[in-house]
Amino acid sequence: MAGRPRFQKGQVTVRGGWWVLRYRDYASGGKRESCRLALVADHPDIRLIETAKAELRFAEQIAKYLAPINQGHVVSTGLTVGEFIEKSYFPRLEWRKQVPDGNELHIEPSTVDGYKDIWKVHVQNNPAAKIKLREFKPRDGQRFLDSIPQTLSHQTHLRIKNFLRGVLTWAIADGQYEGVNPMEESKAGGWSKKSSAPKPKTEREIKIRASNEHAYTLVEVAEMLDKLPEPARTVCAVAAFTGLTRSELKGLKWTDYNGETISVQRKIWNGQVGGTKTDAREAGIYVVPLLQKILKKYKDEFPTVGDGWVFRGNKLLRPLDLDNLSRRDIPQHINGAWFGWHAFRRGLGTRLNEMGVDDKEIQSILRHADINTTTAYYILPNLDRAKAGLKKLGSVAQKKYGIKA
């Protein structure tokens, strides 16, 4: 029996004086294969039991050997859409996760996790998943999108559509589907105006909706810095005055901070250390004097140890779990007025805009590759400022231009 195809990392071992990679070739019935990596004698600094060290030393060779196996290629004309997703598309994504950051083929683990959630919740048990891949037509794609609950937002519908469009794009590239992508002309539904949004039914839905729409004010930030214990206080201070994301905060090391500027070098998502999302995210972030003092005081209390993580657990010295921090150590100190980590980025963009900072400068501070992202999602409207602006316009129209009522 061939066994179930899956993403492989292989096993490094020693055999006959050689470092050897062992793996299974499921395209050949699951047969065990092996290949030589290097002579043991050529690497005397690696002990025979240090297989993890050997994996790092020969990582590039291992990736080349396993790439053809892990790219998700399957040969079958009878696969359903669901079978193709499981046997080819997801293995392909797992392979792309291993491609180094900066390469166009690299995909973020968080993106893959999101795709797997879409698969489980919206696709796996849908009739569309049972259709033969080669027989999937545009009408099937539209029927699938129409079957998704219209109580979900238009953005959610678009994410689901884009997932299936990506599946079909890979099927075409891999020679498993012929013709134009059947999802290209399909129309995504869902509500697009807040007035059309269904009212949240549970307390959790209410909190999620509020978190997605909130931008912390300076009053809220001041209350946090006044009431929170360490390390929550300094984590929130860095988030508020730099706009770092949760994964960037978790991956911050003292070597990334020179006393005046923070240069983001990595992020951590679900325990996986990766590179920055875009080139723009690597830009240095100026640390205001207030935050410089907060960080100095914090470092005196939590000096550099181990791998040098700025925010770390005390026992294992690993990066601090910010989810646990936000559940256990923050809300009770600020009367539950917690809207998540991303509200700091939204807050920074919105407050800078209120202070008259140019949108282009805000884009630079938040390190967005596209200014449209900054203006659309990180600068929330201020009704009071809008009202004051219109009042000023009316006054100028009357006094300077003589317009009468």
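The values are calculated or read from the model by the stated rules, or taken from the named source; none is laboratory data. These figures come from a predicted structure and were not determined experimentally. Virtual Cβ from ideal backbone geometry, glycine too; neighbours counted across all protein chains shown. Areas reflect the complete protein model, heavy atoms only, side chains present, ligands, DNA and RNA absent. Shrake-Rupley method; radii C 1.70, N 1.55, O 1.52, S 1.80 Å.
Quick one: ranking H214, H157, H342 by accessible area, 1.4 Å probe, largest first, what do you get?
Details: H214 40, H157 0, H342 75 Å².
Result, largest first: H342, H214, H157.
Less than 19 Å from a label point 7 Å out along the Cα-to-Cβ axis of N335: which backbone N atoms in the range 194-225 qualify, by residue?
It comes to 207, 210-211, 214-225, nothing else.
How tilted is helix 232-242 with respect to the longest principal axis of the chain? Cα atoms for both, answer in degrees (0 to 90, nearest 10).
80 degrees
Please compute the Kirkwood hydrodynamic radius over the range 250-365, one decimal place, Å, based on all pairs of different Cα atoms.
16.1 Å
How high is the FRET efficiency between A222 and D42 when r is their beta carbon distance and R₀ equals 45 Å, given to the nearest 0.05? All intermediate terms of the calculation are to be shown ahead of the outcome.
Working: r = 60 Å, r/R0 = 1.34.
Using R0 = 45 Å, I get an efficiency of 0.15.
How far is helix 289-301 tilted, in degrees, relative to the longest principal axis of the Cα atoms in the chain, given as a value from 0 to 90 rounded to the nearest 10?
The answer is roughly 50 degrees.
With a 10 Å radius around each residue's Cβ, average the other Cβ atoms per peptide and rank 311-317, 111-117, highest first.
On the way: 311-317: 12.7, 111-117: 14.4.
Descending mean neighbour count gives 111-117, 311-317.
Need one number: nm distance between label points at E354 and K137, each 7 Å from Cα along Cα→Cβ, rounded to one decimal.
Between E354 and K137, the label points sit 5.6 nm apart.
Looking at the range 132-291, what % of the alpha carbon pairs are farther apart than 22 Å?
Numbers: 8164 of 12720 pairs.
Beyond 22 Å sits 64 percent of the P(r) for the range 132-291.
Accessible area per residue, 1.4 Å probe, Å², for the chain: what's the number? Don't skip to the answer; put the middle values down first.
Details: 23670 Å² over 405 residues.
Normalised by residue count, the accessible surface of the chain is 58 Å².
Quick check: pseudo-label points 7 Å beyond the Cα along Cα→Cβ at L317 and N125, how many nm apart are they?
Result for the modelled spin labels: 4.7 nm.
Sum -39500 (n - 2.57) across every DSSP H segment of at least 4 residues in the chain, then divide by the residue count to get the 222 nm mean residue ellipticity, nearest 500. Walk me through the numbers before you get to the answer.
Working: 17 runs with 174 residues, N = 405.
It comes out at -12500 deg cm²/dmol, rounded to the nearest 500.
Multiply the residue gap between E184 and A388 by 0.36 nm, knock off their C-alpha separation, and tell me the result in nm, one decimal place. Please list the in-between numbers first.
Working: separation 204, 0.36 × 204 = 73.44 nm, distance 4.48 nm.
Between E184 and A388, full extension yields an extra 69.0 nm.
Probe radius 1.4 Å, ligands and nucleic acids ignored: give me the carbon and sulfur share of the accessible area of the chain as a rounded percent. Working shown, then result.
Values: 12290 of 23670 Å².
Looking at the chain in its full context, I get 52 percent from C and S.
Across the range 332-405, what fraction of all alpha-carbon pairs, as a whole percent, falls in each successive 10 Å bin from zero upward?
Pairs per bin, as whole percents: 17, 33, 25, 18, 6, 1.
Give me the tail of P(r) for the range 286-348 as a percent: Cα-Cα pairs with distance above 15 Å.
Values: 1283 of 1953 pairs.
When all Cα pairs of the range 286-348 are counted, 66 percent exceed 15 Å.
Under a cut-off of 20 Å between alpha-carbon atoms, report the aspartates and glutamates in cross-link reach of K360, not counting same-chain residues fewer than 8 places apart.
Within the straight-line limit of under 20 Å, K360 reaches these aspartates and glutamates: D279, E282, D370.
So, in nm, how far is label N162 from label A59 when the simple model puts each one 7 Å beyond its Cα toward the Cβ?
2.8 nm
For the Cα atoms of the chain, what angle does the longest principal axis make with the long axis of helix 109-118, in degrees from 0 to 90, nearest 10?
Value to nearest ten degrees: 90.
Report the gain in length on full extension from E260 to R328: 0.36 nm times residue separation, minus Cα-Cα distance, nm rounded to one decimal. Spell out each step's value before the answer.
Working: separation 68, 0.36 × 68 = 24.48 nm, distance 3.11 nm.
Stretched out fully, the E260 to R328 stretch lengthens by 21.4 nm.
Taking the Cα centre of the chain as origin, work out the dipole magnitude from +1 charges on Lys and Arg Cβ and -1 charges on Asp and Glu Cβ, in debye rounded to 20. Write down the numbers at each step before the final one.
Details: 66 positive and 46 negative charges, 193 e Å.
Using Cβ point charges on Lys, Arg, Asp and Glu, the chain gives about 920 debye.
Taking only Cα atoms and a 10 Å spring cutoff, compute GNM fluctuations for the chain and point out the largest among S110, S247, S195.
Taking springs between Cα atoms under 10 Å, the residue moving most is S195.
Mind sorting out which of (1) 1.07; (2) 0.96; (3) 1.04 is the real Rg/Rh (Cα atoms, Kirkwood Rh) computed from the coordinates?
Among (1) 1.07; (2) 0.96; (3) 1.04, the one calculated here is (3).
E213 to V305: FRET efficiency via 1/(1 + (r/R0)^6), r the Cβ-Cβ distance, R0 35 Å, to the nearest 0.05?
Working: r = 39 Å, r/R0 = 1.12.
Result of the calculation: an efficiency of 0.35.
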